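For reference, the structure discussed in these notes is given below.
No lab work stands behind these numbers, since they all come straight from the coordinates. Just so it is clear, the model here is predicted, and its values are computed rather than measured. All Cβ positions, glycine included, derive from the backbone under ideal geometry; neighbour counts span all protein chains shown.
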Amino acid sequence: MLKPMNQMVAEAIAAGHAVPAFTCYDFTTALAMVAEAEAQQRAVILNVAPKTAGSASGLRLITALRALGEQASIPVAVQLDHASDEQLIVRAVRAGATAVLADGSAGTLEANIAFVQQVRSLVGPDIVMEAELGALPGNEDKAFEQMASQLTDPAQVAGFLAGSGADLLAVAIGNVHGRYKGEPKIHWEVLEAIQAASTVPLVLHGASGIAPADLSRTIAYGVGKVNLNTELRTAVLSTLSGQLEPRREDGQNMLGLLGDWERAATEVAAATFTALVAK
């Protein structure tokens, strides 16, 4: 079933867990994510990267993900992730996205607020709006090593939310996109101050590489949505790279290959659901 993303996240926090958001470049991965969510009886978010959504095939993927969510037995949201192109956002919503990360974080505070407001005026009140405050280094589509840089300023949180009207807030507290250079360091004092100033659920991007115990701990600080991409992508690609040559010897068995793909994705999903429970 489709469910508003902010509603499912708020319900998850109240129940003592967070909702994972998995980047889906393909339908095979999405099938595995929803199947594991159903097995766990937990909500799930299917993210689509803007580079994926920027093609006709990517928009069709969004439509297919929406249909998958409608047929699922657990709450599902389909989100366009990290979008800064207004027209792409409109096309993705028309294709079936139920939520958008309107990402104006590269600009000034005022420009960020104005961008989120503009996106809201374009997509209407029913699309759930996530916004980002602070700067997450790295590329969500590529797993290069990164170090955390500009953290979210807790003093800006209340004004940003009041001005932008965002339904969820993605924060920078030591997390990065891709792989971490060195050990990840979550700035707990910053997260605590952000939670105190926030009126909406918080979102943690760049969860791949963060210790499960730390992911679990963030829930007590208001984090209700956790994005995962690199870890999932790495597991799938590693599995496929070891299977391509054997598949050539078994009659080009695509179903077997896709089965390996789903199993690799499912293992990551299962571990993530386990980690995203408050201890």
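Here are the numbers:
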| read-out | value |
| --- | --- |
| Cα principal axis extents for the chain, largest first, Å | 60, 40, 34 |
| Bins of 5 Å from zero: percent of alpha-carbon pairs in the stretch 13-91 | 3, 16, 28, 23, 15, 10, 5, 1 |
| With Cα atoms, 0 to 90° folded angle of helix 5-14 axis to the chain main axis | 80 |
| DSSP-defined beta bridges in the chain - what % are antiparallel, rounded to 5 | 5 |
| Gain in span if fully extended, Q71 to S55, counting 0.36 nm per residue against the direct Cα distance | 3.3 nm |
| Rounded to 10°, Cα long-axis angle of helix 254-275 versus longest principal axis of the chain | 40 |
| Nearest-0.05 FRET efficiency for Q87 and D26, computed from C-beta distance (R0 25 Å) | 0.55 |
| Angle in degrees between helix 56-71 and the longest Cα principal axis of the chain, rounded to the nearest 10 | 90 |
| Unit charges on C-beta of K, R, D, E only; dipole of the chain, Debye | 200 |
| MRE, 222 nm, helices only [DSSP H, n ≥ 4, -39500 (n - 2.57), over the chain, to nearest 500] | -15000 deg cm²/dmol |
